1. Pairing the Cα long axis of helix 237-258 with the longest principal axis of the chain, what angle in degrees results, from 0 to 90 and rounded to the nearest 10?
2. Relative to the longest principal Cα axis of the chain, at what angle does helix 46-57 sit, 0 to 90 degrees, rounded to 10?
3. Any of Lys55/Lys239; Lys18/Lys130; Lys239/Lys278 with alpha carbons more than 18 Å apart? Name them for me.
4. Say a site is exposed when it is one of the trypsin sites (Lys or Arg not before Pro), sits in a DSSP loop, and has at most 14 other Cβ atoms within 10 Å; what is then the longest site-free stretch of the chain?
5. Kindly express, to the nearest 10 degrees and within the range 0 to 90, the angle between helix 213-230's C-alpha long axis and the longest C-alpha principal axis of the chain.
6. Which whole-number percentage describes the relative contact order of the chain, with Cα contacts under 8 Å and a sequence gap of 6 or more?
7. Let me check I've understood the local charge: for Asn221, count other residues with C-beta under 12 angstrom from its C-beta, Lys and Arg +1, Asp and Glu -1. What total comes out?
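Just so it is clear, none of the values below were taken in a lab; they were calculated from the coordinates. Predicted model, so just to flag it, every value in this text is computed and none were measured. Positions of Cβ are backbone-derived with ideal geometry, glycine not excepted, and every protein chain shown enters the neighbour counts.
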Amino acid sequence: MIQSMTGFGKSLLQLPSKKITIEIKSLNSKSLDLNARIPGQYREKELLLRNLIAKSLVRGKVDFSLYVEVTGEETTASVNPVVVKKYMEQLRQIANADDAELLKMAIRMPDTMKTEREEIDENEFIEIEKTLNKALIEINDFRNDEGNALEKDLLIRVSNIAQLLQDIIAMDPDRIEGVKERLRKGVADLQEKVDENRFEQELVYYIEKFDITEEKVRLENHLSYFLETINSTDSNGRKLGFISQEMGREINTIGSKSNYAPMQQLVVQMKDELEKIKEQLLNVL
């Protein structure tokens, strides 16, 4: 079973005086790249929240947002009257305005509002953790659904490569016979007598240079290993990526050795399928 790195999860927590919304989005990345947007009052818990997310999501470019909307009368901000009065006194000396206008100007000045640091309610934070876990469950469900779609596509691509390999195996005898005929014709065109035994030895050596038996066996093994890995309990995109690289080596070698247009056409199709596999694997966890 494989899992995609693309996903989205959202969960809401309604408290007596505030509503807390948690959103998590993820895209593909080589490692865990976590960007967190958290209100200042919860900063001391940021490391704990990050660890929970990292343990659940493992890898990907992750955006985590915690929004707080005050729904009651509770507020930690208040006017700083001493500062406001001081501003009004100074403004009165340079501006010809009544107290109402002076107050409007003063309240826009720096430090006229003071905010008391709100201590975290541990019971409230326990509820926030539960809300985060709900969002993580949702994003992982999303990732699993995306992973199922990716898996279906990958299985089709692997099946296509396996079928193309069988087509190559089926035409290989004709390819070898064609190579022999070209060599015999080339020698005949020289109109020279040759030592038949020597010619056969050279022919065998030449044919061995074009033999793709080892590549066919290794490619079949890589295809089997790919299917075995994709059906394992863990999602391992890196491992599948390594296997696809090995598949590419064998396909390229078959193409360079084939020296036969119909076979090279099949190799091109195999390369096309493999490129689609590699593109999909970039998003596999």
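1. Around 30 degrees separate the two axes.
2. Once rounded, the angle reads 30 degrees.
3. Lys55/Lys239
4. Working: sites that count: Lys30, Arg108, Arg117, Lys193.
After excluding every exposed loop site, the longest remaining stretch is 194-285.
5. Once rounded, the angle reads 30 degrees.
6. Values: 361 pairs, mean separation 74.5, N = 285.
Relative contact order here is 26 percent.
7. Working: positive: Lys216, Arg218; negative: Glu214, Glu215, Glu220, Glu228, Glu246, Glu250.
In short, -4.
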